[in-house]
Amino acid sequence: MTSSPPPFRVGLLGHGTVGAAFEELLASQADAIGKKVGLRPQISGVLTRSRGSFEDVLDRSDLVVELIGGTDPALDYALQSLRAGRHLVTANKQLLSQHGEALFDAAGQSGAQLRFEAAVAGVVPVIRVIGETLAGAHIERVHGIVNGTTNFILTAMARTGASYEDALGEAQELGYAEADPTEDVTGKDAAAKMAILARLAFGAPVHLEEVPYEGIESITAEDIAYAKELGLSLKLIGSAERRDDGLWVQVYPAFLYAGHPLAAVNGSFNAVTIESPAITEITLSGPGAGGMQTASAVLGDVVSAMIPPSFNPPPAVPQPLVTDVESAFYLHVEVADRPGVLAQVAEILGLQGVSIKSVVQKGIGEDARLAMVMHPVLESRFRAAVDLIGRLDFVRSTPRVIRVIEEVFE
Ligand SMILES: NC(=O)c1ccc[n+]([C@@H]2O[C@H](COP(=O)([O-])OP(=O)(O)OC[C@H]3O[C@@H](n4cnc5c(N)ncnc54)[C@H](OP(=O)(O)O)[C@@H]3O)[C@@H](O)[C@H]2O)c1
């Protein structure tokens, strides 16, 4: 007669989209996990706004899963769990990007594990790959598409020529965007995820507030149409990379050439590229959200935590964060259609050391539109030139600027 494996008690905080999917997935996988690991996970208590008490869930658990979201009361519950020696698994990007150091300290002191695979790029195993698989590689750069809502909107705009507003409406109808999409479309959600990835890849504390972010609300159908003519596609990119003088962590819309591994990532998918001399580069991609997909990443963390040894990153070492770095740019400007206009724009760019890589010019009645891509230049120099161009008497609208990522991976 074979005896069933002893229980491993999982306390569940939050029973919404992800929490309910997690309970369902755990129930269906518990026997299989029990056979593999020698312990059978089971839900030992659930807390929602109307059900259960935190103290009771904590008392009756070996591990706590936090799926409430936000920081209050999630932070308090997370710290109490770790201090009590419970492993903590969370999908909460706000918690990690704003209070990561307090959580890592609490885990370090009690020896409990803190796992958060689902907090970045959903089911795409980027946390595990950076923190464990590539623990022996010197990571130079992590960048990617870490927000599925904005990628869905940009893909729809490119596919159908729709306006930003129409594409957002479609995303909301299909459930890819919230009724209030602010966190996603402003780039703030992606900034939280890049803060978490930077902390993990470079061992430096990076707080959400230190990550500059720009979203996609001002992208027009016209930008995307011009981009197609220039052989580019537009993505909301999060970058975290080592520079000579510190770390550069930022979220921004960017044009990519077709050969870039992120250029082909469409719809609500996420993808993250990790670069290190030891591995060249790898790109991981897959669904970035969804109840069951996220629950699967959470359950993977639970199973990992059931198996020693523990996984806690070493103490963070502060490094400066830099903001003015070299990049290629796209410039769109509406001008009076008369001789010498392009030459004057080019002259101002030239005086600031900005050189033009390609230009598209189109007439619109008495005016014309210039869309240009520049060779890489220090951002402050380019912005200074754009500022001067914006003041020329023949310029009809505020010039628009978008970064271009030049690398092509073939
Ligand atoms: N949804 C996704 O696709 C997705 C993807 C990646 C990561 N995440 C992350 O996963 C986490 C959960 O997201 P979700 O979409 O499942 O959220 P959700 O559907 O809003 O569920 C939140 C749950 O937390 C409970 N809760 C809220 N405030 C509470 C409080 N003060 N005390 C106790 N319980 C409280 C709610 O209780 P009631 O049931 O009583 O309202 C609900 O059960 C978040 O951190 C989110 O960022 C979600």
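The values are calculated or read from the model by the stated rules, or taken from the named source; none is laboratory data. Bear in mind the structure is a predicted one, so any value in this text is a computation, not a measurement. With ideal geometry, Cβ positions are generated from the backbone for all residues, glycine too; neighbour counts draw on all protein chains shown. Ligands, DNA and RNA are stripped out before the accessible areas are found, and what is left, the full protein with its side chains, is counted by its heavy atoms. Shrake-Rupley method; radii C 1.70, N 1.55, O 1.52, S 1.80 Å.
Worth pointing out:
- For Asp245 and Glu347, the FRET efficiency from 1/(1 + (r/R0)^6), where r spans their Cβ atoms and R0 equals 35 Å, is about 0.65.
- Residue-averaged 222 nm ellipticity for the chain, from DSSP H runs of 4+ at -39500 (n - 2.57), nearest 500: -11000 deg cm²/dmol
- Pairwise centroid distance, computed over Cα atoms, of segment 217-287 with segment 1-78, Å: 36
- For the chain, the per residue solvent-accessible surface stands at 43 Å², with DNA, RNA and ligands left out and a 1.4 Å probe.
- One quarter of the convex hull surface built on the alpha carbon atoms of segment 56-132 amounts to 4.9 nm², the projected area averaged over directions.
- When each of Lys93/Lys193; Lys235/Lys362; Lys36/Lys93 is checked by Cα-Cα distance, pairs over 18 Å: Lys235/Lys362; Lys36/Lys93
- In the chain, excluding the sites themselves, the longest stretch lacking any of the trypsin sites (Lys or Arg not before Pro) that are in a DSSP loop with at most 10 other Cβ atoms within 10 Å is 52-390.
- Debye intensity ratio in log₁₀ form over the Cα atoms of the chain, taken at each q of 0.12, 0.13 Å⁻¹: -0.95, -1.08
- Estimated FRET transfer efficiency when R0 is 25 angstrom, pair Asp324-Leu392 (beta carbons, to 0.05): 0.55
- Accessible area of segment 57-164 belonging to carbon and sulfur atoms, whole % at 1.4 Å probe: 46
- Rg/Rh for segment 1-108 stands at 0.99; both radii use Cα atoms, and Rh follows the Kirkwood definition.
- Other residues within the sphere of radius under 14 Å centred on the Cβ of Ala158, judged by their own Cβ, net out at -2 (K and R +1, D and E -1).
- Considering only Cα atoms, the convex hull volume of segment 269-410 works out to 203 Å³ per residue.
- Modelled label positions at Glu132 and Met292, each set 7 Å beyond Cα in the direction of Cβ, lie 2.4 nm from each other.
- Extension gain, Ser110 back to Ser50 (0.36 nm per residue minus Cα-Cα distance, nm): 18.6 nm
- The chain, relative contact order [Cα under 8 Å, separation at least 6], %: 17
- For segment 150-186, backbone nitrogen atoms closer than 16 Å to the point 7 Å from Glu217 Cα along Cα-to-C-beta are found at 150, 164-169, 178-186.
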